[in-house]
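See below for the structure under consideration.
The values are calculated or read from the model by the stated rules, or taken from the named source; none is laboratory data. Since this is a predicted model, take the numbers as computed values, not measurements. So basically every Cβ, Gly included, is an ideal-geometry build from the backbone, and we count neighbours across all protein chains shown. With ligands, DNA and RNA removed, areas are computed over all heavy atoms of the protein, side chains included. Shrake-Rupley method; radii C 1.70, N 1.55, O 1.52, S 1.80 Å.
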Amino acid sequence: MKQGPWTRVRPLQIDEVDDYTASAYWQGTLTWGHFPNNLMKMMGHCPSLAITEVAYANAFIFDTDVFNNGRLFAGFLDRPMKELLISRTSLFNRSRYSVTHHSFIGYSLFKGLGREEEGFRK
């Protein structure tokens with residue numbers, strides 16, 4: 001893959017990384033929408049990050065209600081609300097990629113749950 005003038009660091013393709021990192025690429029692809037993910041391709045430059053990223057992100061985004069001795073420790077927000085929280089944090093940090101990416105996901109989730117008007121307002 002040729003590096004364009006707009007990139008500082010070229011994303012690594014799956015055939016350019018070791019087997020462990022390649023398996024992380026596939027895990028990200030299967031978990032996050034069945035398309036190659038540029039986040040994973042950039043993390044390919046630091047395999048230990050690539051290998052741990054999917055589990056880390058999934059623990060935050062896809063966590064379920066977790067109770068310990070009757071006390072709720074995880075699962076406070078539903079998935080669409082988590083995406084809005086990520087979008088708000090991204091706006092604050094001026095991360096254009098995350099704003100675009102997570103706003104789209106959040107709105108799509110609200111729409112898929114029949115809560116399109118709520119998602120639009122929020």
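Observations, loosely collected:
- The set of residues in the stretch 44-58 being in a helix (DSSP H, G or I) and at pLDDT 90 or above consists of 47, 48, 49, 50, 51, 52.
- Among the residues of the stretch 39-57, those that are open to solvent by 60 Å² or more (accessible area, probe 1.4 Å) and over 15 Å from residue 97 (Cβ atoms) comprise 45, 48, 49, 51, 52, 55, 56.
- Figure legend. Inter-residue proximity from the stretch 102-122: first residues open to solvent by 60 Å² or more (accessible area, probe 1.4 Å), second residues not basic (Lys, Arg), beta-carbon distance below 6 Å, spacing 6+ or different chains. Indicated pairs: 107/119; 116/110; 122/84.
- Selection from the stretch 1-21 of residues that are at pLDDT 80 or above and of a type outside the set (Val, Ile, Thr): 10, 11, 12, 13, 15, 16, 18, 19, 20
- Scan of the stretch 22-38 for residues that are open to solvent by 30 Å² or more (accessible area, probe 1.4 Å) and either assigned to a helix (DSSP H, G or I) or at pLDDT 90 or above (or both), ordered by number: 23, 26, 27, 30, 31, 38
- Residue within the stretch 77-89 that is at pLDDT 85 or above, open to solvent by 60 Å² or more (accessible area, probe 1.4 Å) and not hydrophobic (A, V, I, L, M, F, W, C) present: yes
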